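Take a look at the structure set out below.
The values are calculated or read from the model by the stated rules, or taken from the named source; none is laboratory data. Predicted, not measured: the structure shown is a model, and the values here were computed from it. Glycine gets a Cβ as well: all are built from the backbone with ideal geometry, and neighbour counts include every protein chain shown.
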Amino acid sequence: MSNIFTKLLDRCLFTFSFIVGVQLPEFVQQYSQRLSGHLNEASHHLSQFQAIADSQYQGSLLTLISRYQANSDIAIVQTGDVIAELMTRIELFELQLSHLQQGDLYQRLYYFIIEMDIELARATAFQFQLAIPLETQALLLGACLALLILLMQSVIKTSVIYTINRYKHKNNRSLI
């Protein structure tokens, strides 16, 4: 009976891992679209400050920021900090987006994992739409992930059984 349960569990784990692996490229795509939206919104806000910098400081946002930060009014200083943070955020978004749009699937997955914005990933997961991928890479990724998970499960299972048998053998020897 336990053998049937084990085989059923293996098949369920394989199927679940395969589905997750196949959906991962779609998740990265939807994450990239959300990231692009945030980049566009941040760029729009910065363009309003850029217009002020263009008319007052020969287009230098850094001069605008330094003037804001040198002001005696705390609210104006904080506005300068917000502009500086907005510039940094736009640079980060542009870098992340370029990494997610270049290279093959595995490079994009690498950069997604390394550079992921947790809040954007949560928002993407909350509104994630499942898709049926027709890409060979997505199917291969699903199969590889499923096989990797099964291999890890097998190694863990074998290690646990080995440890239990070794412990039982050791206890049987001490009883003799």
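Some points to look at:
- The number of residues in segment 48-96 being touching a Ser or Thr at 6+ places or on another chain (Cβ under 6 Å) and under 30 Å from GLN137 (Cα atoms) comes to 0.
- Condition check for GLN96: in contact with an Asp or Glu (Cβ under 6 Å, 6 or more places away or on another chain), of a type outside the set (Phe, Trp, Tyr) and more than 13 Å from GLU26 (Cα to Cα): yes
Here's the yes/no breakdown for (1) part of a helix (DSSP H, G or I); (2) closer than 22 Å to LEU39 by Cα; (3) without any contact (Cβ under 8 Å) to a residue 60 or more places away in the chain:
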| position | (1), (2), (3) |
| --- | --- |
| ALA84 | yes, yes, yes |
| GLU119 | yes, yes, yes |
| ALA125 | yes, yes, no |
| ALA131 | no, no, no |
| SER154 | yes, no, yes |
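- Residues of segment 78-105 that turn out to be hydrophobic (A, V, I, L, M, F, W, C), under 22 Å from PHE49 (Cα atoms) and under 16 Å from the mean Cα position of the chain (by Cα), as a count: 3
- Cβ-Cβ under 7 Å pairs, at least 6 apart or on other chains, segment 103-114 side over 17 Å from ALA143 (Cα atoms), far side assigned to a helix (DSSP H, G or I): ARG108/VAL28; ARG108/LEU100; TYR111/HIS99; TYR111/LEU100; PHE112/VAL28; PHE112/TYR31; PHE112/LEU100
- Matching option when the condition is at pLDDT below 90 and under 18 Å from LYS7 (Cα atoms), among LEU150, LEU145: LEU150
- Residue count, segment 1-53 (criterion: charged (D, E, K, R) and modelled with pLDDT under 90): 4
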